[in-house]
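The values are calculated or read from the model by the stated rules, or taken from the named source; none is laboratory data. Keep in mind it's a predicted model, so treat the numbers as computed, not measured. A quick note on method: Cβ atoms are made from the backbone with ideal geometry, for glycine too, and the neighbour counts reach across all protein chains shown.
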Amino acid sequence: MSKILIVEDEQHQRELYAMELQEDGYEVDQASNGKEAVDMVKDNKYDLVILDIRMPEMDGIEALGKILSRDKKIPIIIYTAYSNYKSNFMTWTADAYITKSSNLDELKEKISELLTTRNQ
């Protein structure tokens, strides 16, 4: 079972994503900001991280850099409501950049694709 970390400051969205992914058979942990996510990556082994950008304490871009400096191979999906960050070169180190939608199909497809690629 693949273990995913969801990093999202909006509690209801975070819980919805977690519930959907658990129904798809993933083990899911949750973090409410980038600092919490970086600490969790230090203490746990994740197969994939889903990262929002705008969050309190530490934003997703800073967290992205810190997580990748710890584990360069971990797939990271930036999942944000703000499409304008896609042109920020700091986000280019993520494996995918997806604009949030009420339909989670695109996110789920990208998770499956990245985990399949990683496990080959």
Does residue 109 fit the bill of being modelled with pLDDT of 90 or more, among the acidic types (Asp, Glu) and within 19 Å of residue 26 (Cα to Cα)? yes
When the residues of region 15-34 are narrowed to those that are within 16 Å of residue 76 (Cβ to Cβ) and free of Cβ contacts under 8 Å to residues at least 40 places away in the same chain, which ends up surrounded by the most Cβ atoms within 10 Å (Cβ to Cβ)? 34
Considering region 91-114 alone, what residues qualify as being acidic (Asp, Glu) and closer than 13 Å to residue 49 by Cβ? 95
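For region 2-14, which positions are surrounded by 18 or more Cβ atoms within 10 Å (Cβ to Cβ) and part of a helix (DSSP H, G or I)?
In the first step, residues of region 2-14 are kept if they are surrounded by 18 or more Cβ atoms within 10 Å (Cβ to Cβ); the result is 2, 4-9, 14.
Passing the criteria: only 14.
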Within region 47-78, residues in contact with a helix residue (DSSP H, G or I) (Cβ under 8 Å, 6 or more places away or on another chain) and touching a residue at least 40 places away in the same chain (Cβ under 8 Å) come out as 47, 48, 49, 50, 51, 52, 54, 55, 60, 63, 73, 75
